[in-house]
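Below: the structure, in structure tokens.
Bear in mind these aren't lab numbers, they're just calculated from the coordinates by the rules spelled out. Computed from a predicted structure; not experimentally measured. Here Cβ is always computed from backbone atoms with ideal geometry, including for glycine, and neighbour counts include all displayed protein chains.
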Amino acid sequence: MIGLADVGVSYGATAALTGVTERAGDGEWLGLIGPNGAGKTTLLQAVARQVRYRGRIEIGGRPAGGMSRRALARLVAYVPQRPQLPPEMTAGDYVLLGRTPHIGYLRVETDADRRICGELLDRLALSAMAGRQLGTLSGGELQRLVLARALAQQAPVLLLDEPTSALDLGRRVDALELVDALRRERSLTVLSAVHDLTLAGQFADRLLLLDRGRVAASGPPPLVLREEVLRPHFGPGVEVLTTSGGERAVISRRQRDQ
Amino acid sequence: MTAARPAAPRDRASAQDHAAGHDHAAGHDHAAGHDHAAGHDQAAGHDHAPARVRRARARRPLAIALAALAVALAVGVSVGPADLSPVTVAQALLVRMPWHPALSVPPVDTAIVWQIRLPRVILGALVGAMLAGGGAAYQGVFRNPLADPYLLGVAAGAGLGATLVIVGGASTGLLPPVAFAGAAGAVAVTYLLGSGAGRDGASPGPGGSTASIVLAGVAVAALLTAIQEYLQQQHTQALQQIYSWILGELSLASWSDVALVLPYVVVSAGMLLAHRRLLDVLRVGEAEAASLGVNVARLRLTVVLAATLGTAAAVAVSGLIGFVGIIVPHTVRLSAGASYRIVLPVSMVAGAAFLVLADVAARTVQAPAEVPLTVITAVIGAPFFLFVLRSQRARRDLS
């Protein structure tokens, strides 16, 4: 469970995020949408304390601002948009990095840590990859591996920045299905920035529409994914179609003169 | 480069699966290649042991490096201007041991081995271990393959300290402590200037000041080197003595030098080795390491402090020996694996072996004159360094 109260971030004189107040409960998936530069990544970075923020962020009822890095890392796992993947590191070693907040300073992993990571590799269908170097893995495998490292932190809050940007259409759904299954298994609170509005609407419980650092709209997907809500932020070409199954698909139509 | 490593644990893993009698275990590896098949497999397979996650092991490369060190030490005590046979050297070594067989060794041979060769070989090993280990640690903490233990001004500070002692006409006994103070002082100034800069709210990530520390090191080193060169220019009669110190030499090594550096090397190496896992965490970058719970600023300060103390002590007794801190860790990375669990301990042992052998070359290729150690390490180091750069670029293009 996570709560933000009047959170703001500035880069020098530029305000990247202003007055964001929001809550997300256990097991809830909050989708962050908005045009480029809206502040989606900045919001995730504030929760992960990768940037300095004003206002108040609470995780599990405790203020996050005064926590040690280690305490925060036990509560929040953050997957950046482009994680650094040392090509010579083995997949097993990479997942073990996720145990860092649970390993004492200057200690090394125990058998329990290795077992937790082994189970995660199994769960994410990476069992055979444990000894492989990251440089030899495919984009989809790396994407699951990064997720495995985040889950190894055993944190109740999972932050995902564009988790599907490097994947093809089919893999995107697979990846988000996996996140969805995992958050249900572990009642994770998921905050994810998703560019693809259609996918965001299918997976998130609620959407937070940001533009120029401010909350422009928030609510369940059917309320946010409407043309009159989206067009001021994404442009007049945005159309929302309803499929035969009742799902909303957001497309951007080319503007032509009649 | 590590073709043998990943294969071995998996062979062992499937062998264990067979032993446990899971018929479908053998097929597991194949099935796991296909995402969907693996998913079904694991849904059905509660009786499966989970995937075996092993961390990188240093055992085999460490054994090889230790063997190389043993050879280097043996060669080091056996070679020298006094033409002692290996048997004589062995007897001279034994005769000072607590329980030794009855031997008749000329006292002068015993003295050559114990008072001249042995301290020199041991000092070379300690200096080599420290320079290589310090280089590996600096490369890890600054995440820069070109970092060496002199990055933050150790060399310039020690050089200025040594120059001051020599041009001031002070006793050469003051050389090590003053060089040490210069080295440690230069790094302290660099760190204070560098870590304070570049920390406005605009820089993303915690602290965000690695680059500014390195830049401060460049500035401090330039300033100290300029002062040192001015002093040299004013005292040309001392040039040769200054240069022979700067280019590195072990010819005056004594047991008191060994006693001087040993505590620093032990403490420094111990602290660096204790941080091996955290240096591996840092391989994913400072921002991600912080999100994994690492206090990056504290880690950086601790590692720099440990590496600096050891390097400053090594430099104080040996002068400025170049390239060891770069070529040894990179050779280990390329041949044994990039994990700091491997790189740190193996670099220390391999660095010791390398410097002992380089010193053997230094005192034999032009005997009875001695070639400066830096010349030897650079003649081997520079071409090798180009090779490392090329192969690193090749690998980055692949990834």
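Only bridges with both residues in chain A count here: give the DSSP antiparallel percent, nearest 5.
Working: 25 of 42 bridges.
Taking every DSSP beta bridge with both residues in chain A, the antiparallel ones total about 60 percent.
Inter-chain neighbour count for B:280-287: the average number of beta-carbon atoms from partner chains within 10 Å of each residue's beta-carbon is 6. Taking amide hydrogens as placed 1.01 Å from N in the peptide plane, the amide H of A:A16 sits under 5 Å from those of A:V9, A:S10, A:Y11, each at least 5 positions away in sequence or on another chain. Shielding of peptide A:101-107 by partners, expressed as the average count of other chain Cβ atoms within 10 Å per residue Cβ, is 4. For chain A, the alpha-carbon radius of gyration amounts to 1.04 times the rule-of-thumb value 2.2 N^0.38 Å expected for a compact globular protein.
What's the Cα-based Rg to Rh of the protein assembly as shown, Rh via Kirkwood? Don't skip to the end; give the middle numbers.
Values: Rg = 29.8 Å, Rh = 27.9 Å.
Taking Rg over the Kirkwood Rh, I get 1.07.
Of the GluC sites (Glu not before Pro) found in region A:194-250, those in coil by DSSP whose Cβ has at most 15 other Cβ atoms within 10 Å are A:E247. Near the amide H of A:L32, within less than 5 Å, lie the amide hydrogens of A:S192, A:A193, A:V194, A:L208, all on another chain or at least 5 residues away, with H placed in the peptide plane. A straight line joining the Cα centroids of region B:98-162 and region A:88-102 runs 34 Å.
Counted by neighbouring Cβ atoms within 10 Å, the residues B:H330, A:H195 run from fewest to most as A:H195, B:H330. Taking amide H atoms as placed 1.01 Å from N in the peptide plane, the amide H of B:S209 has no partner under 5 Å among residues 5 or more positions away or on other chains. Packing-based ranking of A:4-10, B:337-343 yields B:337-343, A:4-10, ordered from highest to lowest mean Cβ neighbour count within 10 Å.
Test of understanding: ordering B:W114, A:W29, B:W255 by Cβ neighbours within 10 Å, fewest first, what list do you get?
Working: B:W114 16, A:W29 23, B:W255 13.
Least crowded to most crowded, the residues run B:W255, B:W114, A:W29.
Around A:V7, with a cut-off of 9 angstrom between Cβ atoms, what is the net charge of the other residues, counting Lys and Arg +1 and Asp and Glu -1? Charge balance in the 9 Å sphere: 0.
When averaged across all projection directions, what area in nm² does the alpha-carbon convex hull of region A:86-153 cover?
Numbers: hull surface 16.8 nm².
Averaging across all directions leaves 4.2 nm² for the Cα convex hull.
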